[in-house]
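What follows is a short report on a single structure.
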Amino acid sequence: MYRLVLKKVWSIISIFFLLLFHWCRADTVRICIWEGNQKPSLEQFKGKYRGQLSLLRWNKKYMVINTMDVEEYLFGVVGKEMGNTWPFEALKAQAVCSRTLLYYYKDISAKKKLPYDVTDTIYHQVYGGVFSENENIIKAVEETSSQVLAGQTDGNEYNIVPSFFHACCGGHTNSASDMWGNKYCLMEGVKDPYCSETPFFTWHRVFTKDDLKSITGLEISSIRVLNFNKSGRCSQIELQGTWGKRIIEADNLRMMTVNNSTTFASKKSLPSTMFTITCNGNEFIFDGKGYGHGVGLCQWGARRMAEQGKDYVEILKYYFPELKLITIQQFKTVKHNISLEKPQTGGRYDFSSTASSCLS
Ligand SMILES: [Zn+2]
């Protein structure tokens with residue numbers, strides 16, 4: 001009898017510690033680092049990644065999945081997405097944005113029941129494994145450990161807000177809802193004086209009629225911008241030819257040019273939608289500003305802010321005036337009425353209290 005009771009108590013204690021271990025353990029992420037029709041050998045991936053590697057078959061395709069701790073994953077992302085020699089406070093701001101985006105993508109993939117959380121490509125965030133890590137990046141991730149950006153999206157409830165980023169905003173960041181529709185809130189554009197002397201602030205592209213035919217499939221005789229959004233980016237473009245007129249979203253045209261040339265850096269791709277168009281005989285001249293979709297953190301602006309002595313909290317506060325910096329643990333335990341007076345891992349917290357002063 002005594003032994004039976006002891007056995008039961010022991011099993012209860014074991015279950016308790018198992019649950020405690022599960023609750024306390026660090027979050028993990030599953031990254032799809034390879035996908036194809038032929039079964040690969042895992043040997044070729046060994047030594048390049050932290051964590052575990054596994055091979056699975058899903059939807060008639062083979063996938064190599066790298067499973068690891070979220071913070072260690074970020075060691076392989078921040079330098080790829082920003083540049084591993086950038087100023088330390090800018091790297092910290094990037095670490096927070098990348099971590100926040102990861103949790104956002106994890107949630108989407110869980111809802112879709114995918115066998116991975118993210119891929120290692122630009123469709124999520126570029127992840128390069130251990131060869132893209134360095135001491136500064138690891139320190140930037142560690143000093144912002146578990147910090148994410150959240151906003152009050154529904155009554156009192158806080159949610160992770162996808163803190164998108166881009167290379168250069170061209171002087172004004174873009175509103176997420178203007179760019180992708182109303183499901184993205186709390187990401188209004190801000191005027192940005194910091195990126196004005198950076199490499200991508202202005203650009204010039206020339207497309208011939210033949211170029212545009214290979215990009216759009218249409219013989220185009222004239223193009224004009226129909227309207228601009230409040231950040232100064234083109235919203236819609238009107239294309240005209242002997243076949244009639246067609247209206248397309250400016251960002252669709254931008255992505256068509258990128259896909260056609262396969263690289264953002266090509267002289268035949270549009271870096272952003274902040275442009276004007278002039279026609280000159282057989283040519284269409286695009287004069288523009290900025291690089292990327294323009295939503296969220298302007299990386300070149302963040303770099304300049306860091307060079308001027310601003311810390312990562314000031315940088316994030318500038319580009320995300322409607323959001324709060326919290327830890328993922330706080331987010332999971334208290335989704336309602338988040339009241340943050342003291343950070344757990346460094347920095348200051350309540351962004352929104354001074355939001356209006358950040359908007360100009
Ligand atoms: Zn900018």
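Some values worked out for this structure:
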item	result
Residue list for region 177-189, restricted to those being more than 21 Å from LYS289 (Cβ to Cβ) and either basic (Lys, Arg) or within 16 Å of the ligand (Cβ to nearest atom) (or both)	LYS183
Residue list for region 146-167, restricted to those being of a type outside the set (A, V, I, L, M), touching a helix residue (DSSP H, G or I) at 6+ places or on another chain (Cβ under 6 Å) and more than 16 Å from the ligand (Cβ to nearest atom)	SER146, GLN147, PRO162
So GLU322, is it at pLDDT 95 or above and assigned by TED's automatic domain parsing to the domain that holds PRO162	no
Any hit, region 168-175, residues being within 16 Å of the ligand (Cβ to nearest atom) and either of a type in the set (D, E, K, R) or modelled with pLDDT under 85 (or both)	no
Strands (runs of 3 or more DSSP E) wholly inside region 218-317 containing at least 1 residues that are more than 16 Å from the ligand (Cβ to nearest atom) and among the polar types (S, T, N, Q)	222-228, 234-241, 274-280
Residue list for region 140-162, filter: modelled with pLDDT of 95 or more and under 14 Å from the mean Cα position of the chain (by Cα)	VAL148, LEU149
Some residue of region 124-138 being among the charged types (D, E, K, R), away from the ligand (no atom under 16 Å from the Cβ) and without any contact (Cβ under 8 Å) to a residue 12 or more places away in the chain	yes
Near pairs, Cβ below 8 angstrom, 6+ apart or cross-chain, from region 166-183 (not assigned by TED's automatic domain parsing to the domain that holds GLY83) to any residue that is within 15 Å of the ligand (Cβ to nearest atom) and hydroxyl-bearing (Ser, Thr, Tyr)	none
Top-ranked residue in region 190-217 [being within 16 Å of the ligand (Cβ to nearest atom), surrounded by 13 or more Cβ atoms within 10 Å (Cβ to Cβ) and modelled with pLDDT under 95; ranked as nearest to the chain's Cα centre (by Cα)]	PHE200
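Every residue, every condition in (1) surrounded by 22 or more Cβ atoms within 10 Å (Cβ to Cβ); (2) modelled with pLDDT under 95; (3) closer than 21 Å to HIS166 by Cβ, yes or no:
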residue	(1), (2), (3)
GLU72	no, no, no
PHE75	yes, no, no
THR100	yes, no, yes
ILE108	no, yes, yes
ASP117	yes, no, no
ASN134	no, no, no
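The values are calculated or read from the model by the stated rules, or taken from the named source; none is laboratory data. These numbers were taken from a predicted model, which means no experiment stands behind them. Neighbour counts are summed over all protein chains in view; Cβ atoms, including those assigned to glycine, are modelled from backbone coordinates with ideal geometry.
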